[in-house]
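K.L.:
Questions regarding the structure given below will be posed in turn.
The values are calculated or read from the model by the stated rules, or taken from the named source; none is laboratory data. Everything numeric in this text was worked out from a predicted model, so none of it was measured. With ideal geometry, Cβ positions are generated from the backbone for all residues, glycine too; neighbour counts draw on all protein chains shown.
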Amino acid sequence: MAADRWNALNDVPDFPPHRLGPLADRLARILKTRNDILLFQTEAVVALEAVATSIARPGLTALNIVTSPFGAWFGDWLRRGGADVVTLSAEPARPIGIESVEAAFDAHPDVKAVILCHAESANGVLNPLAEIAAAARARGIVTIVDAVASVGGHALDVDALGIDIAVIGPQKSLAGPAGVSALSVGRAAWALVSAAGGRRSSTLSLLDRRDWLDSG
Ligand SMILES: *Cc1c(COP(=O)(O)O)cnc(C)c1O
């Protein structure tokens, strides 16, 4: 083909399969976690939808902290899967206060998971992640964090904070390419995902992805 017609994007070489493990290990080091790392060859909003799809089911109650449209979508995906969603919205362009999160936990003792965005790219909000994660951990609640915009820009110590699922993308603070993403999943999160009624046979199924992980 004439050199001026050739487009490198049409012929990107395959990422070598033997590099996927080391890549996951490096991401785990960035996140400071020993949890499993799942890679998504698609944009981060799909990884977020996969998390919502994989935990949602009738009988699950989740507290969804909304500080931007991403949080609102997460709530929609949970409801689509039959979950009960308690929505806690912050004032526009303000972080959520830890007192209102604790009040919501107290008012809804059946909450099993809390979802929040660490830092918002659209409005600059930084939510009090450490405090919320500590309050959730004290109550045995699984903490799910959209860290797409914050990873690389704010400290994100997944294991020290007890974050059960962290979703990240490379194209914000890490200045990497768009269109790929990853997430870390810890033991308590896997228990929630593998409880009866979980989504299977779907590209959004974390259970399916764990099978691929287990098969090496
Ligand atoms: C950009 C962003 C996303 C979505 O990432 P995409 O890779 O564009 O799908 C999700 N959450 C937050 C906070 C973001 O800033």
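K.L.:
Within the range 176-194, is even one residue in contact with a Phe, Trp or Tyr (Cβ under 8 Å, 6 or more places away or on another chain), modelled with pLDDT of 95 or more and polar (S, T, N, Q)?
P.N.:
So far as the range 176-194 goes, yes, one or more of its residues are in contact with a Phe, Trp or Tyr (Cβ under 8 Å, 6 or more places away or on another chain), modelled with pLDDT of 95 or more and polar (S, T, N, Q).
K.L.:
When the residues of the range 143-162 are filtered to those that are over 10 Å from the mean Cα position of the chain (by Cα) and crowded, with 18+ Cβ neighbours inside 10 Å, which remaining residue is farthest from residue 27 (Cα to Cα)?
P.N.:
By that ranking, first place goes to 161.
K.L.:
Please find, within the range 163-203, the residue that is nearest to the chain's Cα centre (by Cα) out of those that are among the basic types (Lys, Arg) and away from the ligand (no atom under 16 Å from the Cβ).
P.N.:
That would be 187.
K.L.:
Might you let me know whether the range 108-127 holds any residue that is more than 26 Å from residue 58 (Cβ to Cβ) and away from the ligand (no atom under 16 Å from the Cβ)?
P.N.:
No; the residues of the range 108-127 include none that is more than 26 Å from residue 58 (Cβ to Cβ) and away from the ligand (no atom under 16 Å from the Cβ).
K.L.:
Within the range 105-121, is even one residue over 21 Å from residue 85 (Cβ atoms), surrounded by fewer than 19 Cβ atoms within 10 Å (Cβ to Cβ) and more than 13 Å from the chain's Cα centre (by Cα)? Please lay out each step first, then the result.
P.N.:
So the first thing to find is which residues in the range 105-121 are over 21 Å from residue 85 (Cβ atoms), and the list is 119, 121.
Adding the requirement that they be surrounded by fewer than 19 Cβ atoms within 10 Å (Cβ to Cβ) leaves 121.
Of the ones still in play, those that are also more than 13 Å from the chain's Cα centre (by Cα) are 121.
Checking the range 105-121: at least one residue is over 21 Å from residue 85 (Cβ atoms), surrounded by fewer than 19 Cβ atoms within 10 Å (Cβ to Cβ) and more than 13 Å from the chain's Cα centre (by Cα).
K.L.:
Let me ask you something else. Looking only at the range 69-93, which residues are over 15 Å from the mean Cα position of the chain (by Cα) and among the small types (Gly, Ala, Ser)?
P.N.:
Within the range 69-93, 81, 82, 83, 89, 90, 93 qualify.
K.L.:
Scan the range 154-173 and report the pairs whose first residue is over 14 Å from residue 40 (Cα atoms) and whose second residue is of a type in the set (Ser, Thr, Tyr) and in a loop (DSSP other than H, G, I, E, B), with Cβ atoms within less than 7 Å and a gap of 6+ or a chain change.
P.N.:
156/150; 158/33; 159/33; 172/121; 173/150
K.L.:
Would you point out the residue of the range 46-84, among those that are among the aromatic types (Phe, Trp, Tyr) and modelled with pLDDT of 95 or more, that is nearest to residue 136 (Cα to Cα)? Walk me through it before giving the result.
P.N.:
If we filter the range 46-84 for residues that are among the aromatic types (Phe, Trp, Tyr), which is where we start, we get 70, 73-74, 77.
Pick out the ones that are also modelled with pLDDT of 95 or more and you get 73-74, 77.
Details: 73: 22, 74: 18, 77: 21 Å.
If we take residues in the range 46-84 being among the aromatic types (Phe, Trp, Tyr) and modelled with pLDDT of 95 or more, then 74 is nearest to residue 136 (Cα to Cα).
K.L.:
Looking at this structure, is residue 94 closer than 22 Å to residue 183 by Cβ and out of contact with any Lys or Arg (no Cβ under 7 Å at 6 or more places or on another chain)?
P.N.:
no
K.L.:
One residue is enough: does the range 2-16 have a residue meeting the conditions over 12 Å from the mean Cα position of the chain (by Cα), closer than 30 Å to residue 114 by Cβ and of a type outside the set (D, E, K, R)?
P.N.:
Applying the first criterion (over 12 Å from the mean Cα position of the chain (by Cα)) to the range 2-16 yields 2-16.
Now drop any that are not closer than 30 Å to residue 114 by Cβ, which leaves none.
No, there is no match, as no residue in the range 2-16 is over 12 Å from the mean Cα position of the chain (by Cα), closer than 30 Å to residue 114 by Cβ and of a type outside the set (D, E, K, R).
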